[in-house]
C-alpha cells in the first residue's frame, strides 16, 4: 500500500473509532465502512494488475498471485457486508447472525488467499488452541441457541489465524493481522456473551481495522514477490 493510501485509511479508521465514543448517530454504518472502501479500492487495482500478468508471463507464480488478490478482494467484500450488518444489529437480532455469517465467509476467503500452506511454525498452533478453548468456555453458558454457530465461527477464525503461520507467503504483517482479528472478535464475543468490557466497541474497532490493514499489506507484499 502506498503512503497516501495508508494515511487515508488510518485517518478514516481513526475517525470512526473516535466516533464510537459519542452517542449513536445516523448512517454510522457508512462511516464504519469508509476505511474498508479504501482497502477495497487498493486491492481492486491489484486484481486488475495481476489479472494481466499471466498474459504477459504465463507461469504458475503469476496465476497464484492473481488468485491470492482475488481471494483477498472477496474477503474484504464479505467483511464490509459484515460491518454493515453488525452496525445494524440493534435494529434486529438477526443482523448479528447474518453479520457472523458474512465474516465466516470472509475468513474462508482469507484462508484461500494464504495457499499454498506448508508445515512450518507448528509450535505456535497450540497457543491458538488454548486461547480458543479458554474463550469459548467463558462464553458457552450464555450462548444458548447460538452455541453451534459461534463454535463454528470460532473454529474458522482460529483456522484463519493459524493459516497466516502456515502460509508459504507468511510474513509478519499477515501474522499480526491474524492475531488482531482474533483479539477483535474475542472482544465482541466476551462483551456479548460473558462480561461488559469498558469502551469495548472502541477496542474492537481499533484491533479490527489494524487486522484488516495488516492482512492486506502482508498479502499484497507477498503477491509482489
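With the condition kept exactly as written, say whether any residue in region 142-162 is in a loop (DSSP other than H, G, I, E, B) and either surrounded by 20 or more Cβ atoms within 10 Å (Cβ to Cβ) or in contact (Cβ under 8 Å) with a residue 40 or more places away in the chain (or both). Yes: region 142-162 contains one or more residues that are in a loop (DSSP other than H, G, I, E, B) and either surrounded by 20 or more Cβ atoms within 10 Å (Cβ to Cβ) or in contact (Cβ under 8 Å) with a residue 40 or more places away in the chain (or both).
Select, from 43, 38, 49, the only residue that is at pLDDT below 90 and assigned to a helix (DSSP H, G or I). Step by step, each of 43, 38, 49 is checked, and only 49 is at pLDDT below 90 and assigned to a helix (DSSP H, G or I).
Applying the condition of being under 14 Å from residue 80 (Cα atoms) and without any contact (Cβ under 8 Å) to a residue 40 or more places away in the chain to region 4-33 and asking which residue is surrounded by the most Cβ atoms within 10 Å (Cβ to Cβ) yields 31. Within the option set 56, 73, being farther than 18 Å from residue 203 by Cα and modelled with pLDDT of 90 or more holds for one residue only, 73. Taking the criterion of being touching a helix residue (DSSP H, G or I) at 6+ places or on another chain (Cβ under 6 Å) and assigned to a helix (DSSP H, G or I), the residues of region 13-27 that qualify are 13, 16, 17. Scan region 67-103 for residues that are within 27 Å of residue 45 (Cβ to Cβ) and within 13 Å of the chain's Cα centre (by Cα) and the total you get is 15.
So that you can scan it fast, the table gives a plain yes or no per residue for (1) over 28 Å from residue 3 (Cβ atoms); (2) at pLDDT below 95:
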{"residue": "152", "(1), (2)": "yes, no"}
{"residue": "164", "(1), (2)": "no, no"}
{"residue": "179", "(1), (2)": "no, no"}
{"residue": "191", "(1), (2)": "yes, yes"}
{"residue": "199", "(1), (2)": "yes, yes"}
{"residue": "214", "(1), (2)": "no, no"}
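Look at residue 210 and say whether it is surrounded by fewer than 20 Cβ atoms within 10 Å (Cβ to Cβ), in a helix (DSSP H, G or I), in contact with a helix residue (DSSP H, G or I) (Cβ under 9 Å, 6 or more places away or on another chain) and modelled with pLDDT of 95 or more. Yes. Among the residues of region 186-209, those that are touching a residue at least 40 places away in the same chain (Cβ under 8 Å) and under 17 Å from residue 13 (Cα atoms) comprise 199, 201, 202, 205, 206, 209. Could you please find all residues in region 93-117 being exposed (fewer than 13 other Cβ atoms within 10 Å of the Cβ) and either modelled with pLDDT of 95 or more or in a helix (DSSP H, G or I) (or both)? The one that is exposed (fewer than 13 other Cβ atoms within 10 Å of the Cβ) and either modelled with pLDDT of 95 or more or in a helix (DSSP H, G or I) (or both): 94.
The values are calculated or read from the model by the stated rules, or taken from the named source; none is laboratory data. Note that this is a predicted model, so its numbers are computed, not measured. Here Cβ is always computed from backbone atoms with ideal geometry, including for glycine, and neighbour counts include all displayed protein chains.
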